[in-house]
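**Student:** Submitted below is the structure of interest, expressed as structure tokens.
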Ligand SMILES: Cc1cc2nc3c(=O)[nH]c(=O)nc-3n(C[C@H](O)[C@H](O)[C@H](O)COP(=O)(O)OP(=O)(O)OC[C@H]3O[C@@H](n4cnc5c(N)ncnc54)[C@H](O)[C@@H]3O)c2cc1C
């Protein structure tokens, strides 16, 4: 049955839905509205039925539910079997996944099984037309297909990737890239149960023990972030960044160069290959503002940049810029904020 729906794979762990799935439901509702189709959510797990109302509230019209004690832990073969069979049965036109460890394992497996395309780490998704030039019949027009937009060649170009001839069109998106919409608890939907027989061969591997390490910092929900870059100079000098963040009640972020130099751990990295953040205030200290860093913080409500180079690209997006040596400026800011607090 061809539904042509827009689907989101709902990632859950111990019955807690990963934020990226809720963010994707918001994006899926925008895409589905344009396409005039419904939003479907794929939910696989054990005892996960209680999550269905939440999934409706974030925008799903239907939940394709596969519940089974054998789905207690994510393993590639059974989960991809369910997704592949649901797709074959209901023929959605788009399937979206979080670019998490699970999504990065599951989505390529599903894509290769269905012989369709997959674009990883999209930063935007849009609907539009595409003209394929020089086919045998001349130019061929494809209406309303998914533009899968992402940085390419080290972030130097933004590529729009299309999958005109194969369905479903599939993409992964990293956490924090799409804005989560407010839930509407009054929304209701329909459950479609997956009850197919599960071949024994799917369960060749077993999860014996799960060890989870919590992140040392939660940048995504911070309303103030003070980030340090290569200009900070050393791990020792990074104490200035920690101190400024502390007096402001904020979290500490960093550029990749600062992380690579060993000034701070990777959990603090902001940017294309770090965390995408949208705080109320982002203070960039000794960060030049390369495109890969800005990809992760440019949507902050207010940006203050401190840099000794007046031509640093970060000043192009900063709301307030301070040209100066961070070793002079930051201690003065710390003192000023401390005295306001008194
Ligand atoms: C595929 C790919 C993915 C990437 N992903 C990311 C990512 O997720 N996040 C990220 O940040 N980068 C990422 N990068 C790296 C990125 O291209 C830059 O190399 C990096 O952001 C630079 O970090 P920086 O601004 O701290 O260092 P630099 O570019 O070296 O800038 C240091 C700045 O400090 C200033 N400065 C120096 N001394 C002082 C001082 N005393 N006072 C004030 N200012 C001073 C300088 O004027 C300069 O502007 C990625 C690169 C690639 C290719």
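**Student:** Considering region 136-148 alone, what residues qualify as being over 28 Å from residue 219 (Cα atoms), touching a residue at least 24 places away in the same chain (Cβ under 8 Å) and crowded, with 18+ Cβ neighbours inside 10 Å?
**Tutor:** 145, 146
**Student:** Could you say whether any residue in region 171-183 is exposed (fewer than 13 other Cβ atoms within 10 Å of the Cβ), at pLDDT 95 or above and either more than 28 Å from residue 284 (Cβ to Cβ) or not assigned by TED's automatic domain parsing to the domain that holds residue 44 (or both)? Step through it out loud before you land on a result.
**Tutor:** Filtering region 171-183 for residues exposed (fewer than 13 other Cβ atoms within 10 Å of the Cβ) gives 179, 182.
Right, trim to at pLDDT 95 or above and you get 182.
Within this subset, residues satisfying the condition of being either more than 28 Å from residue 284 (Cβ to Cβ) or not assigned by TED's automatic domain parsing to the domain that holds residue 44 (or both) are 182.
Within region 171-183 (the criterion being exposed (fewer than 13 other Cβ atoms within 10 Å of the Cβ), at pLDDT 95 or above and either more than 28 Å from residue 284 (Cβ to Cβ) or not assigned by TED's automatic domain parsing to the domain that holds residue 44 (or both)), the answer is yes, since at least one residue qualifies.
**Student:** Another question, if that's okay. When residues of region 28-49 are filtered for being assigned to a helix (DSSP H, G or I) and either over 20 Å from residue 106 (Cα atoms) or touching a helix residue (DSSP H, G or I) at 6+ places or on another chain (Cβ under 8 Å) (or both), how many remain? So that I can check it myself, show each step before the final result.
**Tutor:** Residues of region 28-49 assigned to a helix (DSSP H, G or I): 28-35, 49.
With the extra rule that they be either over 20 Å from residue 106 (Cα atoms) or touching a helix residue (DSSP H, G or I) at 6+ places or on another chain (Cβ under 8 Å) (or both), the set shrinks to 29-35, 49.
Counting residues in region 28-49 that are assigned to a helix (DSSP H, G or I) and either over 20 Å from residue 106 (Cα atoms) or touching a helix residue (DSSP H, G or I) at 6+ places or on another chain (Cβ under 8 Å) (or both) gives 8.
**Student:** Just to confirm my filter: which strands (runs of 3 or more DSSP E) fall fully inside region 85-170 and include at least 2 residues that are away from the ligand (no atom under 16 Å from the Cβ) and closer than 16 Å to residue 20 by Cβ?
**Tutor:** In region 85-170, the matching strands (runs of 3 or more DSSP E) lie at 94-98, 124-135.
**Student:** Tell me the residue from 48, 37 that is touching a strand residue (DSSP E or B) at 6+ places or on another chain (Cβ under 7 Å) and in contact (Cβ under 8 Å) with a residue 40 or more places away in the chain, please.
**Tutor:** 37
**Student:** Is there any pair with a first residue in region 295-312 that is over 10 Å from residue 277 (Cβ atoms) and a second that is assigned to a strand (DSSP E or B) and within 14 Å of the ligand (Cβ to nearest atom) whose Cβ atoms are under 6 Å apart and which are 6 or more apart or on different chains, and what are they?
**Tutor:** Matching pairs, first to second residue: 303/282; 304/283; 305/284; 305/321; 306/285; 306/322; 310/323.
**Student:** Among strands (runs of 3 or more DSSP E) lying entirely in region 243-342, which contain 1 or more residues that are near the ligand (Cβ under 8 Å from one of its atoms) and over 30 Å from residue 172 (Cα atoms)?
**Tutor:** Filter on region 243-342 gives 281-285, 302-307.
**Student:** Continuing with this model, one more query. Quick one: residue 257 ticks every box in (1) closer than 21 Å to residue 314 by Cβ; (2) in contact (Cβ under 8 Å) with a residue 40 or more places away in the chain; (3) surrounded by fewer than 22 Cβ atoms within 10 Å (Cβ to Cβ); (4) in contact with a helix residue (DSSP H, G or I) (Cβ under 6 Å, 6 or more places away or on another chain) except a single one, so which number is it?
**Tutor:** (2)
**Student:** Within the group 164, 151, 133, which residue is surrounded by 14 or more Cβ atoms within 10 Å (Cβ to Cβ) and farther than 30 Å from residue 223 by Cα? Full working, then the answer.
**Tutor:** Numbers: 151 fails: farther than 30 Å from residue 223 by Cα; 133 fails: surrounded by 14 or more Cβ atoms within 10 Å (Cβ to Cβ).
Only one candidate qualifies: 164.
Conditions tested, residue by residue: (1) farther than 26 Å from residue 328 by Cβ; (2) touching a strand residue (DSSP E or B) at 6+ places or on another chain (Cβ under 6 Å).
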position: 216; (1), (2): yes, no
position: 231; (1), (2): no, no
position: 250; (1), (2): no, yes
position: 253; (1), (2): no, yes
position: 264; (1), (2): no, yes
position: 270; (1), (2): no, yes
position: 283; (1), (2): no, yes
position: 304; (1), (2): no, yes
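**Student:** Still on this structure, I have one more. Those residues that are over 19 Å from residue 2 (Cβ atoms) and out of contact with any helix residue (DSSP H, G or I) (no Cβ under 8 Å at 6 or more places or on another chain), I need them from region 55-67; list them, please.
**Tutor:** Result: 56, 57.
The values are calculated or read from the model by the stated rules, or taken from the named source; none is laboratory data. Just so we're clear, the structure is a prediction, and the values are computed from it rather than from any experiment. Here Cβ is always computed from backbone atoms with ideal geometry, including for glycine, and neighbour counts include all displayed protein chains.
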